[in-house]
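The structure appears below as structure tokens.
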Amino acid sequence: QLQLEESGGGLVQAGDSLRLSCAASGRTFSSYVMGWFRQAPGKDREFVAAISLSGGRTYYADSVKGRFTISRDNAKNTVYLQMNSLKPEDTAVYSCAAASLSGGVAATSYDYWGQGTQVTVSS
């Protein structure tokens, strides 16, 4: 089992920044593709970003491209999501996830999930 725990969420104003962290434990973190997803009230969970095993490749949803940056530190077993220029429509519960195979944009590709952290952006 791989345990994931997110932190860093909160209430911010539009235009502000936040950095989310996701700490992993239990298995070899560097063996997993990592992703961030979010779910707003009344909406389906959506893909935000993903990062390859070494961190050399990153993928983003169009809605966050240019504003969000995903990164990982395999020595610290942690994946990050730097969120800049936040908008009210970014308000959601953000969850990190780990995929033992290819990962990607589909939530079904991920094997392990954190509990999520709330991000609220006021206008």
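The values are calculated or read from the model by the stated rules, or taken from the named source; none is laboratory data. All of these numbers come straight from a predicted model, not from anything done at the bench. Positions of Cβ are backbone-derived with ideal geometry, glycine not excepted, and every protein chain shown enters the neighbour counts. When the accessible area is computed, the model is the full protein with side chains, heavy atoms only, and any ligands, DNA or RNA have been set aside. Shrake-Rupley method; radii C 1.70, N 1.55, O 1.52, S 1.80 Å.
Summary of computed values
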{"read-out": "Qualifying residue in segment 109-118 (condition: free of Cβ contacts under 8 Å to residues at least 60 places away in the same chain and on the phi > 0 side of the Ramachandran plot)", "value": "no"}
{"read-out": "Whichever residue in segment 1-24 is assigned to a strand (DSSP E or B) and of a type in the set (S, T, N, Q) and, among such residues, is farthest from Ile70 (Cα to Cα)", "value": "Gln13"}
{"read-out": "Residue ID - modelled with the highest pLDDT, chosen from residues in segment 79-103 that are assigned to a loop (DSSP other than H, G, I, E, B) and open to solvent by less than 30 Å² (accessible area, probe 1.4 Å)", "value": "Leu86"}
{"read-out": "Subset of segment 104-117 [open to solvent by less than 50 Å² (accessible area, probe 1.4 Å) and closer than 22 Å to Lys43 by Cβ]", "value": "Gly104, Ala106, Ala107, Ser109, Tyr110, Gly114, Gly116, Thr117"}
{"read-out": "Leu4 vs. criteria closer than 15 Å to Gln115 by Cα and either open to solvent by less than 60 Å² (accessible area, probe 1.4 Å) or of a type in the set (A, V, I, L, M, F, W, C) (or both)", "value": "yes"}
